[in-house]
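**Student:** Structure incoming, see below.
The values are calculated or read from the model by the stated rules, or taken from the named source; none is laboratory data. Keep in mind that this is a model prediction, so the values were computed, not measured. With ideal geometry, Cβ positions are generated from the backbone for all residues, glycine too; neighbour counts draw on all protein chains shown.
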C-alpha cells in the first residue's frame with residue numbers, strides 16, 4: 001500500500017483516506033483512471049474541502065476534490081478574476097462549471113515542439 005494523501009484536518013472524513021496515494025495521480029493521458037477517481041470523489045463527504053485545499057495550495061498534480069489538473073487550471077483563472085476559493089468551490093459543487101470543465105477535459109493536447 002502506498003502513502004496516504006495528506007489532506008488536512010478533514011482527512012478523517014475523506015473517502016480516500018485509506019487508499020494508496022498513487023491512485024490519485026494517474027499517468028498523463030490515462031483518462032479512464034482519472035474518470036474513475038473523479039466518480040469516487042463525487043461520493044466523498046469532504047469533496048469541497050479537498051478541492052478548496054488544492055486550489056488554495058495551487059496543487060498542480062493529481063485528482064483533488066474530483067478535479068483534474070486541466071480542470072483546476074480553469075478554476076485558477078476564476079480565482080485570478082477575483083472570485084474567492086469558497087465561491088469557486090461552491091460553483092463546482094453546484095454543477096455551475098460542469099460544461100466548461102468537461103470541455104477542458106476533452107480538449108486535445110497541443111503537441112510539444
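**Student:** Among the residues of segment 32-65, write down those that are more than 12 Å from residue 14 (Cα to Cα), surrounded by 15 or more Cβ atoms within 10 Å (Cβ to Cβ) and out of contact with any strand residue (DSSP E or B) (no Cβ under 9 Å at 6 or more places or on another chain). If you could, list the steps in order and put the result at the bottom.
**Tutor:** So in segment 32-65, the residues more than 12 Å from residue 14 (Cα to Cα) come out as 32-39, 52-63.
The next check asks that each one be surrounded by 15 or more Cβ atoms within 10 Å (Cβ to Cβ); those that pass are 33-34, 37-38, 52-55, 59, 62-63.
Residues satisfying the conditions are 33, 34, 37, 52, 59, 62, 63.
**Student:** I would also like to ask the following. Suppose we keep only residues that are in a helix (DSSP H, G or I) and touching a helix residue (DSSP H, G or I) at 6+ places or on another chain (Cβ under 7 Å) within segment 52-66. Which one would you say is farthest from residue 31 (Cα to Cα)?
**Tutor:** The initial filter retains those residues of segment 52-66 that are in a helix (DSSP H, G or I), namely 52-56.
Right, trim to touching a helix residue (DSSP H, G or I) at 6+ places or on another chain (Cβ under 7 Å) and you get 52, 54-56.
Numbers: 52: 23, 54: 20, 55: 21, 56: 25 Å.
Filtering segment 52-66 for residues that are in a helix (DSSP H, G or I) and touching a helix residue (DSSP H, G or I) at 6+ places or on another chain (Cβ under 7 Å), the one farthest from residue 31 (Cα to Cα) comes out as 56.
**Student:** Would you check which residues across segment 91-113 are under 15 Å from the mean Cα position of the chain (by Cα), part of a loop (DSSP other than H, G, I, E, B) and either at pLDDT below 75 or surrounded by 11 or more Cβ atoms within 10 Å (Cβ to Cβ) (or both) and list them?
**Tutor:** Across segment 91-113, the qualifying residue is only 97.
Results for (1) more than 9 Å from the chain's Cα centre (by Cα); (2) over 11 Å from residue 89 (Cα atoms), shown as yes or no for each residue.
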position	(1), (2)
26	yes, yes
34	yes, yes
49	yes, no
68	no, yes
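**Student:** If you scan segment 67-85, which residues turn out to be surrounded by fewer than 22 Cβ atoms within 10 Å (Cβ to Cβ) and under 21 Å from residue 30 (Cβ atoms)?
**Tutor:** Step one: list which residues in segment 67-85 are surrounded by fewer than 22 Cβ atoms within 10 Å (Cβ to Cβ), which gives 68-70, 73-74, 76-85.
68, 69, 70, 73, 74 - these are the residues of segment 67-85 that are surrounded by fewer than 22 Cβ atoms within 10 Å (Cβ to Cβ) and under 21 Å from residue 30 (Cβ atoms).
**Student:** Kindly establish whether residue 49 is touching a helix residue (DSSP H, G or I) at 6+ places or on another chain (Cβ under 7 Å) and assigned to a helix (DSSP H, G or I).
**Tutor:** Values: touching a helix residue (DSSP H, G or I) at 6+ places or on another chain (Cβ under 7 Å): yes; assigned to a helix (DSSP H, G or I): yes.
Yes; evaluated as a whole, the condition is true for this residue.
**Student:** Among the residues in segment 21-41, are any at negative phi and at pLDDT 90 or above? Spell out how you get there, then give the answer.
**Tutor:** Initial filter on segment 21-41 (at negative phi): 21-28, 30-41.
Those left that are additionally at pLDDT 90 or above: 41.
For segment 21-41, residues at negative phi and at pLDDT 90 or above: present.
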